[in-house]
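J.: Take this structure, written in structure tokens, and hold onto it; I'll ask about it next.
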Amino acid sequence: MTRQQTDAVFSSIVTCYFLPVTLLFERKEKDRSGGNRTRDCVLIRHTPYHLATDLYCTFMSRTYTARYVFPVSGPPLANGTVTVRDDRIEAVLTHGERIADVDFGNAAIIPGLVNPHTHLDLSGARGLIPPTDPNHFTDWLRGVIAYRRTRTAEQVQANIRDGLAECLRHGTTLIGDITSGGVSYPAIARAFVRAVLFWEVIGLSEDKYNATLSEIGATIGGSWDPDAPPGIYPATPSCRWATSPHAPYSANHDCARGQLYLGNAAIHFAESPAEIELLASKTGPFVDFLKQLGVWNASAFTAGLRDFFVAYPKAAPPILYVHCNYLPTDAPLAPAHTIVYCPRTHAAFGHPPHPFREFLARGVRVCLGTDSLASNPDLDILSEARFVRLRYPDFPVDQLLRMVTLSGAESLGWADETGSLEAGKSADFVVVPLPNADAPDPHELLLADHAGERCTMFRGQWRSAP
Ligand SMILES: [Zn+2]
């Protein structure tokens with residue numbers, strides 16, 4: 001059979017069978033995404049050979065392309081492709097190696113975004129508790145406490161759902177949420193997202209601290225202790241439990257150290273000048289703050305920040321040190337440690353320049369977080385990276401993208417599964433519209449302030465906000 005005859009046979013197959021099948025699948029995809037997900041997409045038609053290949057792929061996989069694909073684990077690929085089979089990434093290839101089913105045009109395909117630090121239960125506080133200057137941080141904390149006391153359990157649940165919806169709308173596929181009493185579990189555990197829930201532990205007395213640990217054990221049960229009976233909030237394949245000794249000024253030091261030694265924890269750390277003064281000399285604004293709350297306990301504090309960097313078992317899961325606005329750059333962080341820098345919250349309080357560049361230069365992992373809407377304008381982690389880009393135009397743009405994707409996944413212990421576009425990982429990616437411009441480094445296009453709806457694939461399925 002000649003090449004022309006072969007093409008004629010394939011053309012017949014295409015006309016009679018493949019084209020309707022392709023359109024059928026495209027329609028299915030639209031249905032799953034709420035009817036508008038492929039609005040800006042262009043279906044590509046090929047030669048008979050390519051169409052025959054696609055006939056196979058239509059049943060087995062889908063291939064997506066855009067102006068740029070950012071694997072993060074490798075350099076950007078102009079018109080590269082991402083092929084998804086079931087819930088996995090099958091291949092990430094350069095332009096021309098595989099024909100795409102869907103072209104998103106002037107957009108970037110990036111890994112699902114990772115926000116390792118937020119407090120979804122404060123999502124109703126947007127604009128209600130204005131950040132103070134750095135020397136009046138305890139006044140802001142008083143505002144947060146007063147706000148929390150006004151909220152009913154139903155309002156808190158509604159706030160959590162709203163905050164979660166906002167995170168998902170911006171393309172977050174992995175979230176680290178600080179949760180008091182485990183209240184964000186009901187919303188997050190059933191949402192189409194991956195999560196680590198850090199159960200917040202506050203208590204300057206050992207008794208109060210340990211009472212919370214008992215409450216955690218009873219609630220999540222066998223999620224921690226295989227011999228324990230199942231709790232009402234068990235870990236799920238996509239939702240894991242961790243703990244958060246709240247901060248050096250609010251958690252008994254001996255208890256917090258014991259927890260940090262186990263890893264799998266997050267702690268607010270070196271956040272304000274008052275915290276540094278409290279630890280150094282047991283003086284300053286935190287003394288009155290804690291006395292007014294009736295919890296002052298001078299023996300609960302350690303003498304310095306260094307005591308929170310405990311000897312650490314090699315195989316232990318990660319620890320997140322959140323904020324670190326005033327952390328000395330020679331602090332003894334280990335490879336499993338992560339600094340979470342919350343750029344717009346840091347700026348809202350007017351802190352001095354954050355030392356994240358010095359820590360990165362030392363090889364310390366740094367990722368970005370939003371913190372809560374009590375101090376941040378929104379829960380868009382990509383906007384944090386864009387903010388840093390504006391403030392530090394010389395900072396490497398590829399590192400910024402890593403800080404909101406792969407570094408975040410590493411910090412939460414999920415990097416084997418997500419955080420970069422690599423064959424075998426979960427098919428989690430975000431399609432981000434790009435500006436109509438050129439730049440020497442395509443990361444600059446991605447990090448330019450540019451509006452436009454993002455669409456997100458999570459575990460191989462298009463996702464819409466819950
Ligand atoms: Zn926080």
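What follows is calculated from the coordinates using simple rules that are stated; it is not laboratory data. Computed from a predicted model, the values in this text were never measured in an experiment. Positions of Cβ are backbone-derived with ideal geometry, glycine not excepted, and every protein chain shown enters the neighbour counts.
J.: Determine ³J(HN,Hα), in whole Hz, for all residues of the range 258-270 in sequence, where each value follows from phi through the Karplus function 6.51 cos²θ - 1.76 cosθ + 1.60 and θ = phi - 60°; x replaces Gly and Pro.
T.: x, 6, 4, 4, 7, x, 6, 8, 9, 9, 5, 8, 6
J.: Could you please state, rounded to a whole Å, how far the C-alpha centre of the range 126-190 is from the C-alpha centre of the range 352-421?
T.: First find each Cα centre; the distance between them is then 20 Å.
J.: Using the count of nearby Cβ atoms within 10 Å as a rough guide to exposure, how do I110, I220 rank from fewest to most?
T.: Details: I110 27, I220 23.
If I rank by nearby Cβ atoms, fewest first, I get I220, I110.
J.: If you take every DSSP beta bridge whose two residues both sit in the range 113-411, what share of them, in percent to the nearest 5, is antiparallel? Mind dumping the intermediate values first?
T.: Working: 2 of 34 bridges.
Once the DSSP bridges in the range 113-411 are tallied, antiparallel ones form about 5 percent.
J.: Using modelled amide H (1.01 Å from N, peptide plane; none on Pro or chain starts), what sits under 5 Å from the amide H of A107, excluding residues fewer than 5 places away?
T.: Excluding prolines and chain starts, which carry no amide H, the hits are R67, Y68, L434.
J.: Need one number: % antiparallel among DSSP beta bridges in the range 168-276, to the nearest 5.
T.: Working: 2 of 17 bridges.
The answer is about 10 percent antiparallel.
J.: Which of the three applies to the range 113-411, rounded, prolate or oblate, going by the alpha-carbon gyration tensor with a ≥ b ≥ c and a/c under 1.5 meaning rounded?
T.: Values: a/c = 1.19, a/b = 1.03, b/c = 1.15.
It comes out rounded by the Cα gyration axes.
J.: Give me, ordered by chain and number, the residues 5 or more places off S244 or on other chains with an amide H under 5 Å from its own placed amide H.
T.: Here W199, E200, V201, A266 satisfy the definition.
J.: Another question, then. Which of the peptides 154-165, 182-193 is most tightly packed, and how do the rest follow, going by the mean number of other Cβ atoms within 10 Å of each residue?
T.: On the way: 154-165: 18.8, 182-193: 20.6.
Packing order, densest peptide first, comes out as 182-193, 154-165.
J.: I would also like to ask the following. Could you give the Stokes-Einstein D for the range 244-293 in µm² per second, using the C-alpha Kirkwood radius, 10 °C, 1.306 mPa s? Numbers along the way, then the final one.
T.: On the way: Rh = 11.5 Å.
Rounded to a whole number, D works out at 138 µm²/s.
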